[in-house]
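Novice: Pasting a structure here, questions to come.
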Amino acid sequence: MIIVLESHVTKDSPVFAELMAFLNNKPGITVRVHEEVGALMTLTEIYLIGDTSAFDKTEIEALPGVERVVSIEEEYRILGRHRDDRRPTGFEYNGVRFSQDTLNVFAGLCAVDNPTHVEEMMKALAANGQVCTRMGAYKPRTNPYSFQGHGASCLPWVFDLAGKYGIRVIAMEITHDAHIDEIRTALQQTGAPTGVMLQIGTRNTQNFELLKIAGRQSEFPVLLKRGFGITLEESLNAAEYIASEGNRNVVFGLRGMKTNMGDPHRNMVDFAHVPVVKRLTRMPVCIDPSHSVGSRDRGPDGILDIQQVTAQAVISGANMVLVDFHPHPQKALVDGPQALLLTELPYFLEDIAIARDAYERRVKAAAAFQARQQASRG
Ligand code: PEP
Ligand code: MN
């Protein structure tokens, strides 16, 4: 059970103290307080953990300072979308809003290679009005002899270039808790010219210790990729690990499932789960068409499979697109064959805008249909 307090009730107010005294008297219940700090106000939520079946929802709702009570199911207590749950979705980070209503494109390099390529990428993004990108510095690779990413050494110049071109958020995979400190240090050294969204990749979805560490800091939001060989429920629980440690700024990423049934795509594209994740949780949903499809193959209509699956996800409400681009894919150190070209960037964005517009029209049509149904019922 979650007790959502009225916005003026803070942790140091007498009303709060009275409420806590009342709740602490209840046997078998653990009370956990969470403050959601926003730009204009702080919302306080009290989590009651334990057997709340004896609690009367209306009685608690009548107590001073209580705005409403949300009954929660066992799963995804914090990130889940519970019955009568009208709590907002999403968050703002470094001037960029992420929610189940927004759409952000993170086009960029799978792996940072050299300053020239990074600058070419950032310049193209700025020219196309983009403020987000992806830049891999720590690369988990199947083969130990493959390029492992430049690691901490590239961070200062990547962040400086991001600042130069107005990039506000870089999605960057981490594979170890030390990487968070390295990112924080490099941002401090460069004067924080940009922001970072920590990416936890599909190989680490159930690295519970890494999830907990990412959850114990609230400086950086987290993009958690779905595990490629586990159920959706298991991956959503992994996201809840992050939130349960305190960081609720989590985006959930679909990137395809590992099975030969998806051949010839690199992974079995799972973007039909975009609306499912939005229904089960309040997380914004990201899709990664590059690692799902894994090639530049195109259909007889000339449209790349990567674009097709992106459009399929965006037309059903995806909130973020993480996609590989490279100025010279033949020179890329990782995943060149699936990279889109800088000359394709404006067209790729145009294609996404078409799908997003169609999605917004579909939402309006759904609302109008429901209103007609209600009116006809009287
Ligand atoms: C990536 O985005 O660079 C990546 C390695 O993705 P995934 O963890 O989904 O394989
Ligand atoms: Mn890659």
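Novice: Please find, within the stretch 240-254, the residue that is most open to solvent (accessible area, probe 1.4 Å) out of those that are more than 21 Å from residue 38 (Cβ to Cβ) and without any contact (Cβ under 8 Å) to a residue 40 or more places away in the chain.
Specialist: Within the stretch 240-254, the match that is most open to solvent (accessible area, probe 1.4 Å) is 241.
Novice: Looking at 116, 142, 102, 133, can you tell me which residue is farther than 24 Å from residue 185 by Cβ and within 14 Å of ligand 1 (Cβ to nearest atom)?
Specialist: From the options 116, 142, 102, 133, the qualifying one is 142.
Novice: Just to be sure, is residue 186 of a type in the set (A, V, I, L, M), open to solvent by less than 60 Å² (accessible area, probe 1.4 Å) and farther than 24 Å from residue 352 by Cβ? It would help to see each step written out before you state the result.
Specialist: Numbers: of a type in the set (A, V, I, L, M): yes; open to solvent by less than 60 Å² (accessible area, probe 1.4 Å): yes; farther than 24 Å from residue 352 by Cβ: yes.
Judged against the criteria, residue 186 is a match.
Novice: On to the next question. If the requirement is being within 16 Å of ligand 1 (Cβ to nearest atom) and in a helix (DSSP H, G or I), which of these qualifies: 376, 290?
Specialist: After applying the criteria, what remains is 290.
Novice: Here is a follow-up. So which of 149, 90, 80, 65 ends up being within 16 Å of ligand 1 (Cβ to nearest atom) and surrounded by 13 or more Cβ atoms within 10 Å (Cβ to Cβ)?
Specialist: Just a single option satisfies the conditions, and that option is 149.
Novice: Suppose we keep only residues that are loosely packed, with under 13 Cβ neighbours inside 10 Å and charged (D, E, K, R) within the stretch 33-57. Which one would you say is farthest from residue 245 (Cα to Cα)?
Specialist: 56
Novice: Among 318, 368, which is the only one that is among the aliphatic types (A, V, I, L, M) and assigned to a helix (DSSP H, G or I)?
Specialist: Only one candidate passes the filter, namely 368.
Novice: Among the numbered criteria (1) charged (D, E, K, R); (2) farther than 27 Å from residue 212 by Cα; (3) in a loop (DSSP other than H, G, I, E, B), which single criterion is violated by residue 120?
Specialist: (3)
Novice: Answer with yes or no whether residue 192 is of a type in the set (Gly, Ala, Ser) and open to solvent by less than 60 Å² (accessible area, probe 1.4 Å).
Specialist: For residue 192, the condition - of a type in the set (Gly, Ala, Ser) and open to solvent by less than 60 Å² (accessible area, probe 1.4 Å) - is not met.
Novice: Could you say whether any residue in the stretch 218-227 is more than 23 Å from residue 92 (Cα to Cα), open to solvent by 50 Å² or more (accessible area, probe 1.4 Å) and within 16 Å of ligand 1 (Cβ to nearest atom)?
Specialist: Looking for residues that are more than 23 Å from residue 92 (Cα to Cα), open to solvent by 50 Å² or more (accessible area, probe 1.4 Å) and within 16 Å of ligand 1 (Cβ to nearest atom), one finds none in the stretch 218-227, hence no.
Novice: Out of (1) within 16 Å of ligand 2 (Cβ to nearest atom); (2) of a type in the set (Val, Ile, Thr); (3) out of contact with any helix residue (DSSP H, G or I) (no Cβ under 9 Å at 6 or more places or on another chain), the odd one out for residue 323 is which?
Specialist: For residue 323, the exception is condition (3).
Novice: Please list, ordered by residue number, the strands (runs of 3 or more DSSP E) wholly in the stretch 57-112 having 2 or more residues that are within 19 Å of residue 277 (Cβ to Cβ).
Specialist: Where strands (runs of 3 or more DSSP E) fall fully within the stretch 57-112 and carry at least 2 residues being within 19 Å of residue 277 (Cβ to Cβ), they are 96-98, 104-108.
Novice: Looking at the stretch 312-368, which of the residues that are more than 20 Å from residue 285 (Cα to Cα) and among the acidic types (Asp, Glu) is most open to solvent (accessible area, probe 1.4 Å)?
Specialist: Filtering the stretch 312-368 for residues that are more than 20 Å from residue 285 (Cα to Cα) and among the acidic types (Asp, Glu), the one most open to solvent (accessible area, probe 1.4 Å) comes out as 350.
The values are calculated or read from the model by the stated rules, or taken from the named source; none is laboratory data. Since the structure is predicted, the reported quantities are computational estimates derived from the model, not experimental observations. Counting neighbours? That spans all protein chains shown, and the Cβs are built from the backbone with ideal geometry, glycine included. Ligands, DNA and RNA are excluded from the accessible area calculation, which covers all protein heavy atoms including side chains. Shrake-Rupley method; radii C 1.70, N 1.55, O 1.52, S 1.80 Å.
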